[in-house]
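S.K.: This structure is in structure tokens; I'll ask about it shortly.
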Amino acid sequence: MDPPHDRVSDFLREKGKFWLVTGGILLLIIASIAWWRFHIYPYASTDDANIDGVEISVSPETGGRIAQLLVDEGDAVKAGDPLFILEDMILQAQKEKARASIANAGDQVNLQRIKMELSWQDFQRAKKEFESGVISSEAMDHAQKGLEAARAELQATYSFMAIQSAQLRLIETQLSKCTVVAPCDGVIAKRWHFPGDVVREGQAVFSLFDLAQIWVTANLEETKLGSVRLGNAVYMTVDAYPKQSFEGSVAVIGAGAASQFSLIPPNNTSGNFTKVTQRVPIRISFATTAEEKNLYLRPGMSVEIKIKVH
């Protein structure tokens, strides 16, 4: 039989181990609660987010065959830089034809002016002779009608000349549209056609991203949306730069769940209804631009966000 003091020592050791394990568990619980309180509870987070931006389809305002592409995918362009050129041989021929028509109309104007002057002189002589009783009223009417006809022919020639001038301006405008320029600063994201392709009016040749206007589109679960407000601070990480942190704020909260804008919106009136947590798109603006951080942030990149809601 063990001495009493040995039994006491064993009891104290066992009790010490118990309190040590219990204290460790309590510390772990407290640490978990503290982690949840300071890192999980104050935020609404999701990894269903990506960088978005203004995408512009660069297309010609008139149809034609592509003569030359001046840029390629990945090229940075400035507003007004030429991007591609359409063949303009037909328009050049039409321009020469319009110029020739205008020159011919000018000659016709000079001819009709001479005719009108002669008709005016004939009318003045006929008027004097009619007043003297030399000619009949019928001859006087013929002289007057001849003057009116000459005026009408001159006016018609002026109108024809104006029409040809307008046609020339239209052709020159179309010629200027054969060289398509960048509507804004940006980067060529996609080339859809090659030289020699025939494109229609409004058919995209390039897709251009305006990198000065980028934001993050996050699809947040509706169960997390209740605490989100406009202006809430947002902390973000981009998969391409895992060691970089970005800050922003909630700029727009979507007007409806993303499912409402799908090709076939869900019909919950059917008998086989399955409740699915919906996601609402929100737009998050960057507090700093990519240029300030000297980084390449491109639309489509994956992002993880944390919105501070408490």
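Here, each number is a calculation from the coordinates, and none is a lab measurement. Note that the coordinates shown come from a computational prediction; the quantities given were computed from them, not determined experimentally. Cβ sites come from the backbone with ideal geometry, for glycine too, and all protein chains shown count toward neighbours.
S.K.: As a footprinting exposure proxy, order V198, V250 by other Cβ within 10 Å, with the fewest listed first.
M.R.: Values: V198 12, V250 23.
Ascending number of Cβ neighbours within 10 Å: V198, V250.
S.K.: Which whole-number percentage describes the relative contact order of segment 89-176, with Cα contacts under 8 Å and a sequence gap of 6 or more? Present the calculation step by step, with values, prior to reporting the outcome.
M.R.: Values: 57 pairs, mean separation 44.3, N = 88.
Relative contact order, segment 89-176: 50 percent.
S.K.: I've got another one for you. Among T173, T277, T62, which comes first, then next, by fewest other beta-carbon atoms within 10 Å? Before the final figure, lay out each step's value.
M.R.: Numbers: T173 12, T277 9, T62 17.
Exposure proxy ranking, most exposed first: T277, T173, T62.
S.K.: Which of M301, M116 has the fewest other C-beta atoms within 10 Å, and how do the rest follow up to the most? Walk me through the numbers before you get to the answer.
M.R.: Working: M301 17, M116 20.
The order, fewest Cβ neighbours first, is M301, M116.
S.K.: So what's the gap between the Cα centers of segment 150-175 and segment 42-113, to the nearest angstrom?
M.R.: A separation of 25 Å, based on Cα centres.
S.K.: Once you've got the Cα coordinates, tell me which of K78/K224; K275/K308; K243/K308; K190/K243; K78/K308 are over 32 Å apart. Before the final figure, lay out each step's value.
M.R.: Values: K78/K224 41 Å; K275/K308 28 Å; K243/K308 20 Å; K190/K243 29 Å; K78/K308 37 Å.
With Cα atoms farther than 32 Å apart: K78/K224; K78/K308.
S.K.: May I pose another question? Return the inverse of the average 1/r over all pairs of distinct C-alpha atoms in segment 89-176, which is the Kirkwood hydrodynamic radius, in Å to one decimal. The partial results should precede the final answer.
M.R.: Details: mean 1/r = 0.0664 Å⁻¹.
About 15.1 Å, per the Kirkwood formula over Cα pairs.
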